[in-house]
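Asker: There's a structure below that I have some questions on.
The values are calculated or read from the model by the stated rules, or taken from the named source; none is laboratory data. Keep in mind it's a predicted model, so treat the numbers as computed, not measured. Methodologically, a virtual Cβ is constructed for each residue, glycine included, from the backbone with ideal geometry; neighbour enumeration extends over all protein chains shown. Ligands, DNA and RNA are stripped out before the accessible areas are found, and what is left, the full protein with its side chains, is counted by its heavy atoms. Shrake-Rupley method; radii C 1.70, N 1.55, O 1.52, S 1.80 Å.
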Amino acid sequence: MENTPPPMAWRYCGNQIKRWRERSGVTREALADEASCSYEYVKSMETGRRRPTLHLLRVADGLCEAGGLLLAAQEYLQPEKYVSYAEDFVRYEAEAIAVSSYEPLLIPGLLQTEEMAFALLAADWPPLDDETIQVRVAGRLERQTLLDKATRSYSFVIAEGVLRNPVLPLDGHKRQLLHLLEVGKRRNVMIQVLPAGTASPGLSGSLVLLETPEHDQLAYEEGQLSGMLYADPEKVSFAAQRHAMILRQALSPEESARLIRKLAEEL
């Protein structure tokens, strides 16, 4: 899978900083000195590899006498709620009448507490800036309102190892487990656990199946650097067969709730 290129807004704004700087006869070294940062830091913004900061925009606007034209770019440089490769998935997820998810490593985003979402995003690498983390946590919590749509169905299978892996302090992990129990009470939400020690197609990675209002089927899988949304019938069928096997190997919703409650009580 290929790396996702930086957002177009970063590249365009960076190019404008460079053009204004060169037009004004300001060297990159001079801009870096005025902004109290390194030459490479400015270069990374001008080439679009890094999001131009509000501080650099202010300094460049004044130094290059841009009259506010560079500073105006800040409106278009706000952090995105979601990584670019997941945008199509999030759009289809919002419209789907049925979502079936399997997750072997993490609590699914639709089921995460705010502190879990924050912890996972803060652990991203290369590190995200504080503003991006805040925006993406808010975006993740916003997605969770989908569960309020009682006529849509949501099925989640979570590997047992996820529930036994306290990536939060123990009190926070307990709150996450209790949150799963609470959400699982909704009549349109089903939460199941895939027992540890199970040889399963789930060992190959996470998987989400979506059914659109037109009853088309889509499949989504995500890796370290990219995500893929499939509409091809053969690939979707392959994914659906794998998910069906995972469901057959999972504990029932009732057994799953008992296990989650037991783990929470042990903390």
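Asker: Among Leu128, Tyr154, Pro169, which residue has its Cα furthest toward the positive end of the charge dipole of the stretch 104-172, with +1 on Lys/Arg Cβ and -1 on Asp/Glu Cβ?
Answerer: Working it through, the farthest residue towards the positive pole turns out to be Tyr154.
Asker: If you don't mind, there's one more thing I want to ask. For the chain, which whole-number percentage of the solvent-accessible area (1.4 Å probe, protein heavy atoms only) is attributable to carbon and sulfur atoms?
Answerer: Looking at the chain in its full context, I get 53 percent from C and S.
Asker: Work out, step by step, the length gained on full extension between Asp171 and Thr198: first 0.36 nm times the residue separation, then minus their alpha carbon distance; give nm to one decimal.
Answerer: 6.9 nm
Asker: Give me the extension gain from Ser36 to Gln74: residue separation times 0.36 nm, minus the current Cα-Cα distance, reported in nm with one decimal.
Answerer: Stretched fully, the Ser36-Gln74 segment lengthens by 11.7 nm.
Asker: Extension gain Asp124-Gln224, at 0.36 nm per residue separation less the Cα-Cα distance, in nm?
Answerer: Stretched fully, the Asp124-Gln224 segment lengthens by 35.0 nm.
Asker: Further question on the same structure: Between Rg and the Kirkwood Rh of the stretch 143-198, both from Cα atoms, what is the Rg to Rh ratio?
Answerer: A ratio of 1.01.
Asker: If you build a Gaussian network model of the chain, linking Cα atoms that sit under 10 Å apart, which residue out of Arg28, Arg175, Arg242 swings the most?
Answerer: Maximum fluctuation in the GNM of the chain, among the listed residues, is at Arg28.
Asker: What residue among Glu75, Glu160, Glu131 has the largest mean-square fluctuation in a Gaussian network model of the chain, using Cα springs under 10 Å?
Answerer: Maximum among the listed residues: Glu75.
Asker: Okay, next question. Mind jotting down the three principal axis lengths of the stretch 1-72 based on Cα atoms? Whole angstrom, largest first.
Answerer: The Cα atoms of the stretch 1-72 stretch 42, 23, 19 Å along the principal axes, largest first.
Asker: Shifting gears a bit: Between Arg23 and Leu141, what FRET efficiency follows from the Cβ-Cβ distance if R0 is 51 Å, with the result rounded to 0.05?
Answerer: Plugging the Cβ-Cβ distance into 1/(1 + (r/R0)^6) gives 0.70.
Asker: May I pose another question? Which percent, to the nearest 5, of DSSP beta bridges fully inside the chain are antiparallel?
Answerer: 50 percent
Asker: OK, next. In a GNM of the chain with a 10 Å cut-off on Cα contacts, which of Gly202, Gly67, Gly48 has the highest mean-square fluctuation?
Answerer: Gly67
Asker: Follow-up. Going by alpha carbons, how many degrees (0 to 90, nearest 10) lie between the helix axis of 54-63 and the longest principal axis of the chain?
Answerer: Once rounded, the angle reads 10 degrees.
Asker: With every protein chain kept in place and ligands, DNA and RNA left out, what is the accessible area per residue of the chain? Probe 1.4 Å, answer in Å².
Answerer: 56 Å²
Asker: May I ask you to derive the FRET efficiency for Lys43 and Ala231 from their Cβ-Cβ distance with R0 = 30 Å, giving the value to the nearest 0.05?
Answerer: It comes to 0.15.
Asker: Need one word for the stretch 119-267: rounded, prolate or oblate. Basis is the Cα gyration tensor (sqrt eigenvalues a ≥ b ≥ c); a/c below 1.5 gives rounded, then a/b vs b/c decides.
Answerer: rounded
Asker: Next question. As I understand it, the dipole of the stretch 206-267 uses +1 on the Cβ of Lys and Arg and -1 on the Cβ of Asp and Glu, about the Cα centre. Which of Leu218, Ala244, Ser256 lies farthest toward its positive end?
Answerer: Looking along the dipole axis, the top candidate is Ser256.
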